[in-house]
Each structure stands twice: as C-alpha cells, then as structure tokens.
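So the structure is just underneath, and the comments pick up after that.
None of the figures in this text is laboratory data; all of them are computed from the coordinates on show. Source: prediction; values computed, not measured. Cβ sites come from the backbone with ideal geometry, for glycine too, and all protein chains shown count toward neighbours.
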Amino acid sequence: MQIGRVEIHLINDGAAWFDGGGAFGLVPRVVWEKLLPPDEFNRVPMNLYCLLIHSQGKNILIDTGLGDKLTDKQRHIFGLDRANGGLVEALARVGVTTEAIDVVVNTHLHADHCGGNTRFEGDEVVPTFPNAEYWIQRLEWADAAFPNERTRATYLPQNFLPLQATGQLRLLNGDTRVTADVRTVVTRGHTRSHQSVVIESEGETAFFTGDMATLAVHFERLAWVTAYDVEPLETIETKRRWQRWAVERDALIISAHDKQTPVARLRDTGEKMRLEPIKFK
C-alpha cells in the first residue's frame with residue numbers, strides 16, 4: 001500500500017493464541033466473546049503483525065514478532081502457526097533480505113513484539129538484522145533490563161541485550177523522526193514508554209498502533225484495555241488523544257494483532273467512534 005510516496009507492507013510473523021482475559025482485561029467475557037469467540041482454553045487468535053516501510057531509500061521494520069528462539073513448549077503454549085513461514089520468510093516474499101533492513105523500531109520490548117530482534121547462530125544469540133540500527137525508547141529499555149515480578153516473564157534479555165553488545169542499539173528520548181515521512185511517538189499506557197509509528201506523506205496518513213490498541217476494537221472503545229497494560233488509565237487518555245488525531249486526518253489505523261480488522265479508518269458518528277475496515281493487499 002502507498003501512503004503518499006511511502007510504500008508499506010503488513011508483514012505477518014505468524015498466528016498465535018493469547019488468553020482472552022489478558023486481551024480484554026475487565027471487559028466481561030459475555031461481551032467480548034461476541035466479537036472474538038475464544039477456544040476451549042479461553043484463548044483468542046491474534047496475528048503477529050510487523051510493518052515494513054520503504055521511505056527515502058531506507059527499509060524500516062516496525063516490530064519483529066515472536067522470533068525463532070522459542071522452545072517446543074513455548075510454541076505449544078502460543079499455539080503458534082507458521083504455515084507460511086515467519087517474519088524472515090515473509091520479508092523474502094516482498095524481496096527484502098535480513099541484510100537489507102536499515103532500521104528496526106520496537107514499539108516495546110514484550111516478547112511478541114521483539115522476539116525476532118535476535119536469532120541463534122549455533123549456541124550464540126546474534127541480531128537477526130546485521131546491518132540495522134535498533135531504535136528503542138530509553139525508558140522502555142530500562143524497564144526491560146530491570147523487570148519486576150509482573151513483567152519478568154515477557155522482558156527476555158536474549159531479545160534485546162545482544163543489540164548493545166554489537167553496537168546496534170539506539171536509545172530514544174521521546175518522539176523521534178526516522179525520515180521526513182516517518183516518526184515514532186510515545187503512546188504511554190501499555191508500558192511506560194510504549195511508542196507507536198506515524199507515516200505522513202503527501203497529505204496521506206497512517207498510524208501503526210502497536211499495543212496502544214492491541215486489537216482494532218481497543219482503539220474504537222476507550223474503556224477497553226488489556227490486563228497487560230501497566231498504566232491502564234494512561235492508556236485511555238492516550239487513546240482519547242490519538243482517536244481525535246486519527247479522525248481529523250482520516251488516518252489509516254494499522255493493528256499489531258487483529259486478524260479480522262488489521263487496517264481500518266476511524267469515524268466519529270456523533271454518538272460513538274466506529275472503525276471501518278479497509279482492504280489491505
């Protein structure tokens with residue numbers, strides 16, 4: 001898809017299953033299951049979307065999915081389906097090698113968004129994208145490097161510490177421009193320094209939410225936040241701001257996980273916000 005002079009590809013690292021209670025938090029199951037029916041283990045299906053952006057001669061990759069370092073037990077827990085391959089294979093299908101990626105932007109360092117940052121080379125963990133600079137918010141790095149009891153299970157050092165050792169790490173201090181058409185913006189709530197990505201070119205706009213809004217419905221409904229959000233009230237206020245922004249700019253909203261509505265536009269009906277799905281080839 002073209003956003004002005006910027007070309008974007010929605011890249012899928014695979015399909016996985018996540019606990020419905022985690023995905024919808026305090027929203028009662030009798031409400032959310034009408035939109036996304038769970039399986040017998042109360043899990044709901046999600047894709048592991050990453051975004052490839054071609055802008056001003058740069059190949060920019062937003063998030064890297066779960067990656068290939070999972071144990072058999074972890075693959076089973078996630079119910080991971082990679083019938084069409086994972087991130088690297090998906091990039092190859094659009095003609096991009098791991099060596100061709102210039103910048104990797106991690107929205108945050110939860111394992112399902114940064115697991116593909118690194119890979120095994122023999123017994124050693126090395127960066128998957130050898131020529132890339134990895135852009136991570138400084139506060140997010142600090143929270144991941146020094147996790148607490150609640151976050152330790154998803155902040156896995158092997159997904160990010162090797163980047164520091166190879167000199168490929170760039171720590172950001174707030175909103176940062178990647179190119180003239182692409183910028184990162186801090187969208188606090190899911191984590192203290194979660195960031196999303198804005199693309200603005202020739203009057204067209206797109207917004208990759210990351211886990212500011214894990215599923216499309218989370219962006220549509222302010223009160224719907226996940227159980228994983230460390231600052232749920234901040235998430236609500238962050239979404240309120242970006243809802244208005246998206247409506248004013250008729251922005252494409254790109255989801256990190258929604259299988260049913262990966263791309264949409266937000267409309268203000270006067271009574272409520274409503275997402276209109278957009279076909280994405």
* By count of other Cβ within 10 Å, fewest leading, how are Trp242, Trp135 ordered? -> Trp135, Trp242
* Structure fact -> Karplus ³J(HN,Hα) for the range 158-175 (6.51 cos²θ - 1.76 cosθ + 1.60, θ = phi - 60°; Hz, whole; x = Gly/Pro) runs 5, 7, 9, 4, x, 5, 5, 5, 8, x, 9, 8, 10, 8, 9, 10, x, 4
* Residue-by-residue Karplus 3J(HN,Hα) for the range 6-22, coefficients 6.51, -1.76, 1.60, Hz, glycine and proline x -> 9, 9, 10, 10, 7, 10, 10, 7, x, 10, 9, 10, 10, 4, x, x, x
* Asked: With contacts defined as alpha carbon pairs under 8 Å and 6 or more residues apart, what's the relative contact order of the range 144-281 in percent?
  -> 17 percent
* Any idea how far the Cα center of the range 8-39 sits from the one of the range 181-245, in Å? -> 17 Å
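Dipole size in debye (nearest 20) for the range 2-277 around its Cα centre, Lys and Arg Cβ +1, Asp and Glu Cβ -1? Can you show the working numbers first?
On the way: 30 positive and 38 negative charges, 102 e Å.
Roughly 480 debye, rounded to the nearest 20.
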* Under 28 Å between C-alpha atoms is the cut-off here; go through the chain and count lysine pairs that meet it, provided they're at least eight residues apart or on different chains. => 18
* Once the dipole of the range 2-277 is set up with Lys and Arg at +1 and Asp and Glu at -1 on Cβ about the Cα centre, which of Leu233, Leu215, Thr176 lies farthest towards its positive end? -> Leu233
* **Spin-label pair Gln164/Glu271, simplified geometry with 7 Å Cα→Cβ offset, distance in nm** => 5.3 nm
* What are the ³J(HN,Hα) values, in whole Hz, obtained from phi via the Karplus relation 6.51 cos²θ - 1.76 cosθ + 1.60 with θ = phi - 60°, for each residue of the range 263-277 in sequence order, with x given for Gly and Pro? -> 9, 7, 10, 9, 10, 9, 7, x, 9, 7, 7, 9, 8, 10, x
* Search the structure for amide H atoms under 5 Å from the amide H of Asn59, placed 1.01 Å from N in the peptide plane, and list their residues when 5 or more places away or on another chain. => Asp102, Val103
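Which ordering of Met212, Met273, Met46 is given by a fewest-first count of other beta-carbon atoms within 10 Å?
Met273, Met46, Met212
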* If you rank Lys73, Lys239, Lys58 by fewest surrounding Cβ atoms within 10 Å, what's the result? -> Lys73, Lys58, Lys239
